[in-house]
1. Could you tell me which GluC sites (Glu not before Pro) in segment 60-154 are loop residues by DSSP with no more than 12 other beta carbons within 10 angstrom of their beta carbon?
2. Can you tell me what percent of all Cα-Cα pairs in segment 51-148 are more than 15 Å apart?
3. Each label point is 7 Å from the Cα along the Cα-to-Cβ direction; what then is the distance between the points at L180 and R105, in nm?
4. Residue separation times 0.36 nm, minus the C-alpha to C-alpha distance between R150 and D70: what's the value?
5. Throw me the Rg/Rh for segment 133-194, computed over C-alpha atoms with Kirkwood Rh, two decimals.
6. Explain nothing, just compute: Karplus ³J(HN,Hα) = 6.51 cos²θ - 1.76 cosθ + 1.60, θ = phi - 60°, for every residue of segment 101-106 in order, whole Hz, x for Gly and Pro.
7. Using the eigenvalues of the Cα gyration tensor, what equivalent ellipsoid semi-axes result for segment 103-175 when each is taken as the square root of five times the eigenvalue, whole Å, largest first?
8. Give me, ordered by chain and number, the residues 5 or more places off L142 or on other chains with an amide H under 5 Å from its own placed amide H.
Amino acid sequence: MRHGGRMTSKYLFIGGGLASGQAAKRRRSHRPHHTRNSRRGLGMATYTHEWLCRQIVEDTQDGIIFADRDGIIRLWNSGAEVMFGYKADEVLGQSLDLIIPDGLRGRHWEGYREVMATGVTRYGRELLAVPGIRKDGTRISLEFSIALLRGATGDLQGAVAILRDVTARWQQEKALKERLAALEARVGSPPNIP
């Protein structure tokens, strides 16, 4: 699987972005890279920073998506595959529109362009709650934060989003609020006495 990039380990570099792919996954070694660390004793494994980062990104259940300055998906981890129902090779090189509900796209792109122009976002520290769309058209509730990624010279390359599907929690909270409102309506109204 090559999308104009070069394959390394389990990641595919596309136009400066990093993406996971099924073919790359099959090539990955499940053994950590390690070295001997004399301070901790012989034989104790220490893991390379690169190996740890790759394992964390690929194996976390949260969705991790990197989109370049134009909003084109360049990284799609296994958590995003499960969350949205698209395999990495289906979305790499595609617009974020795949997962944004039609009615919210204008607002999304307005904010995205502003962040790319200014290099500033408040969602690096605050969670954003938004709906998303799965491949099958199902609407899901998401919470996410983003980080802006810069190149070696400091130029903004794009944004990475770390997403969590909170649909079940949102549905439980909605049902609880509805029951509470119904209870308050009954308690607040005068009793029905014949």
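No value in this document is a laboratory result; all are computed from the given coordinates. The model shown is predicted, which means the values in this text are computed figures rather than measured ones. Please note: Cβ atoms are built from the backbone with ideal geometry, for glycine as well, and neighbour counts cover all protein chains shown.
1. Details: sites: E81, E90, E110, E114, E126, E143; in loops: E126.
For GluC sites (Glu not before Pro) across segment 60-154 that sit outside H, G, I, E and B with at most 12 neighbouring Cβ atoms in 10 Å, the list reads E126.
2. On the way: 3046 of 4753 pairs.
That tail contains 64 percent of the Cα-Cα pairs.
3. In this crude spin-label approximation the distance works out to 3.6 nm.
4. Working: separation 80, 0.36 × 80 = 28.80 nm, distance 1.43 nm.
Extra length from R150 to D70 when fully extended: 27.4 nm.
5. Details: Rg = 22.2 Å, Rh = 16.0 Å.
Dividing the radius of gyration by the Kirkwood radius yields 1.38.
6. The phi angles translate into x, 3, x, 10, 5, x Hz.
7. Numbers: eigenvalues 147, 36, 24 Å².
With the √(5λ) rule applied to segment 103-175, the semi-axes are 27, 13, 11 Å.
8. V130, G132, V166
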